[in-house]
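See structure below.
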Amino acid sequence: MPKPIRRVVTGHNAAGRSVLVMDGSAPHVYQRSPGSAVVTELWETRSAPADDAGSAEVTDHPFRLSPPKRGTVFRIIEYPPDTQRLVALAHERAAGDDGSGHISALDRGSPRHPGFHKTSSTDYAIVLSGEIVALMDEGEVLLKAGDVLVQRGTNHAWSNRTDAPAHLAFVLVDAAPTP
């Protein structure tokens, strides 16, 4: 498992003053199988505009790939090298649906990479460390630490062709389905 990610969340007290309501390791970390990507859920909103009232934990639910309708998801994903991850992806495909929406989002017709998938979301991806290749149906681009990709409901995959993990931060925003 990767190093825990410290998550600090602000809020308001009864007098309406700003306060720190959470400070600790993000409590919800998911990994489907050994060698697969590790997803740390940091925060989620369930409406637009977002409801910033209260101080309840909002990531306390089973993992789901897509953001909630009219909502957002903020997560960090550690992508292991493809030498490990491709084997894990093959096992995940064979295992079937785990309720996360991951299997139904997969493009089983793409021979380029078994991780091809599509969600109804606009995703802001920021490479924190390492490097990763973003693959599209046509074309690909190498992204390095500090690079940003805006993924707009496209069929895509992530390929780590190095020997070290890549860490990416994502904000997923619910969007209308694309053709």
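Bear in mind these aren't lab numbers, they're just calculated from the coordinates by the rules spelled out. This one's a predicted model, so the numbers in the text were calculated from it and none came from an experiment. We place every Cβ from the backbone using ideal geometry, glycine too, and count neighbours over all the protein chains shown.
Sorting the segments 86-93, 53-60, 165-172 by their residues' average number of neighbouring beta-carbon atoms within 10 angstrom, most packed first, yields 165-172, 86-93, 53-60. In sequence order, the stretch 46-57 has phi-based couplings of 10, 7, 9, x, 5, 9, 9, 7, x, 9, 6, 5 Hz under the Karplus curve 6.51 cos²θ - 1.76 cosθ + 1.60, θ = phi - 60°, and Gly or Pro positions carry x. Using the Cβ-Cβ distance between residue 56 and residue 126 with R0 set to 41 Å, the FRET efficiency from 1/(1 + (r/R0)^6) comes to roughly 0.95.
Taking amide H positions as modeled 1.01 Å from N, with prolines and chain starts lacking one, the residues under 5 Å from residue 121 and 5 or more places away or on another chain are 153, 175. The amide H of residue 129, built 1.01 Å from its N in the peptide plane, has 167 as neighbours under 5 Å, considering only residues 5 or more places off or on other chains. Estimated at 0.36 nm per residue, the fully extended path between residue 70 and residue 19 surpasses their Cα-Cα distance by 15.7 nm. Remark: the stretch 15-31, residue by residue, has Karplus-estimated 3J(HN,Hα) of 8, x, 7, 6, 9, 8, 9, 9, 7, x, 5, 4, x, 10, 10, 10, 9 Hz, where x stands for each Gly or Pro and the curve is 6.51 cos²θ - 1.76 cosθ + 1.60 at θ = phi - 60°. Placing +1 on each Lys and Arg Cβ and -1 on each Asp and Glu Cβ, with no other charges, gives the stretch 1-50 a dipole about its Cα centre of roughly 60 debye. Given only helices, namely DSSP H runs of n ≥ 4 each adding -39500 (n - 2.57), what is the per-residue ellipticity at 222 nm of the chain, to the nearest 500 deg cm²/dmol? Dividing the helical sum by the residues of the chain leaves -3000 deg cm²/dmol. What angle, in degrees between 0 and 90 and rounded to the nearest 10, separates the Cα long axis of helix 82-95 from the longest principal axis of the Cα atoms of the chain? It works out to around 80 degrees. Between 75, 46, 112, the Gaussian network model of the chain with springs among Cα atoms under 10 angstrom shows the greatest mean-square fluctuation at 112.
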